[in-house]
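The values are calculated or read from the model by the stated rules, or taken from the named source; none is laboratory data. Please read these numbers as outputs of a predicted model, since none were measured by experiment. Counting neighbours? That spans all protein chains shown, and the Cβs are built from the backbone with ideal geometry, glycine included.
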Amino acid sequence: MTSWIILALAAVWAGAQNALAGGGSFITLPSLMLTGMDARAANITSTLALFPAQIVMGLTGRKQAESPPGVSFTALFVISLIGGALGALILLATPPTYFARLVPWLVLFATAMFAWGSFFRKAPPPGTASIPPRAEMAIQFLISIYGGYFGGGMGFLMMASLTLAGLAVRAAGATKNVLAGVLNASAVATLVFSRDVHWLQVLVVGVFSSVGGYAGARMLTSVNEKALRVCVVGIGVALTVGLFWRG
């Protein structure tokens, strides 16, 4: 019962964290593992559980979404759809024991990307493309594969590539949310029939993360975002250390 209470509270926190600053999967992954599942099952279950909130975020900002100069939005849509499904298929083909050894490195990478995107990345001037259109499409495909496979830090990778391709930060954020919903839709469609999905945990995390997401959206104008990002990085570092120690 204690682990379920922790999972519900963590889901509220994760939903609010995603609405305010991102990084909710850093909370759900260890919380789901606490209920008794292995790392791969926790990752699959977390992907399904957080998906509804991602769709809402994408739909909310769809009117502000744009495509970078020289790249059609349709191309990015299709690339994300294919990449997300491919990443999910690779995840299903990864043995649980191997994935468990890989998770600390994935969390370390995601934490580094989150920290870089939050505190060190400087976006180029809007409309200034630092990478050619074909490179942006190739990068989006690789990010989509990563997103379908693990997903932590995916948003900051997309923000970086979209701004480097010439989008303003606000437009890049809206586009990122739409594309994240697209690639996760194909990943969920691939993972939904997996025997590793724990549906009760999906329900608990889905419901309570939605509550947290609503609360986070209401607090968006009053909470110190920088402090939240510091908190996410701290959680990522602690989780990385704990996973390496456990392994």
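Cβ-Cβ distance below 8 Å, separation of 6 or more or different chains: which pairs start in segment 234-247 with a residue that is closer than 17 Å to GLN17 by Cα and end on one that is of a type in the set (Gly, Ala, Ser) and assigned to a helix (DSSP H, G or I)?
Pairs found: GLY236/ALA110; GLY236/ALA115.
Find all pairs meeting these conditions: Cβ atoms under 7 angstrom apart; at least six residues apart or on different chains; first residue within segment 72-92 and closer than 21 Å to SER194 by Cα and touching a residue at least 24 places away in the same chain (Cβ under 8 Å); second residue of a type in the set (Gly, Ala, Ser) and not in a helix (DSSP H, G or I).
LEU92/SER194
Please specify each residue of segment 172-205 satisfying the condition of being basic (Lys, Arg) and in a helix (DSSP H, G or I).
Across segment 172-205, the qualifying residue is only LYS176.
Going by the structure shown, is ALA129 surrounded by 16 or more Cβ atoms within 10 Å (Cβ to Cβ), out of contact with any Cys (no Cβ under 9 Å at 6 or more places or on another chain), assigned to a helix (DSSP H, G or I) and modelled with pLDDT under 90?
No; evaluated as a whole, the condition is false for this residue.
Please count how many residues of segment 206-229 are at pLDDT below 80 and either among the hydroxyl-bearing types (Ser, Thr, Tyr) or assigned to a loop (DSSP other than H, G, I, E, B) (or both).
Qualifying residue count for the region: 7.
Condition (residue is surrounded by 13 or more Cβ atoms within 10 Å (Cβ to Cβ) and polar (S, T, N, Q)) applied to segment 202-219: is it met by at least one residue?
Yes, segment 202-219 has at least one match.
Filter segment 230-240 for residues that are among the β-branched types (Val, Ile, Thr) and closer than 19 Å to GLY151 by Cα; which is modelled with the highest pLDDT?
Restricting to residues being among the β-branched types (Val, Ile, Thr) and closer than 19 Å to GLY151 by Cα, the top hit is VAL237.
Looking only at segment 20-33, decide whether some residue is farther than 26 Å from VAL230 by Cβ and not β-branched (Val, Ile, Thr).
no
ALA168 - would you say it is in contact with a Pro (Cβ under 8 Å, 6 or more places away or on another chain) and free of Cβ contacts under 8 Å to residues at least 60 places away in the same chain?
Spelling it out, ALA168 is indeed in contact with a Pro (Cβ under 8 Å, 6 or more places away or on another chain) and free of Cβ contacts under 8 Å to residues at least 60 places away in the same chain.
For segment 141-171, which residues satisfy the criterion of being part of a loop (DSSP other than H, G, I, E, B) and either buried (at least 22 other Cβ atoms within 10 Å of the Cβ) or on the phi > 0 side of the Ramachandran plot (or both)?
PHE150, GLY151, GLY152, GLY153, ALA165, GLY166, LEU167
Out of segment 103-120, which residues are within 17 Å of the chain's Cα centre (by Cα) and either in contact (Cβ under 8 Å) with a residue 60 or more places away in the chain or closer than 23 Å to VAL192 by Cβ (or both)?
Once the filter is applied, which keeps residues that are within 17 Å of the chain's Cα centre (by Cα) and either in contact (Cβ under 8 Å) with a residue 60 or more places away in the chain or closer than 23 Å to VAL192 by Cβ (or both), segment 103-120 yields VAL103, PRO104, LEU106, VAL107, LEU108, ALA110, THR111, PHE114, ALA115, SER118.
From the list VAL56, VAL107, VAL78, which residue is assigned to a helix (DSSP H, G or I) and at pLDDT 90 or above?
VAL78
Can you name the number of the only condition in (1) modelled with pLDDT under 85; (2) among the aromatic types (Phe, Trp, Tyr); (3) farther than 24 Å from GLY216 by Cα that PHE73 fails?
Going through the list (1) modelled with pLDDT under 85; (2) among the aromatic types (Phe, Trp, Tyr); (3) farther than 24 Å from GLY216 by Cα, PHE73 breaks only (1).
Does GLY36 satisfy the criteria of being in contact (Cβ under 8 Å) with a residue 12 or more places away in the chain, assigned to a loop (DSSP other than H, G, I, E, B) and crowded, with 24+ Cβ neighbours inside 10 Å?
no
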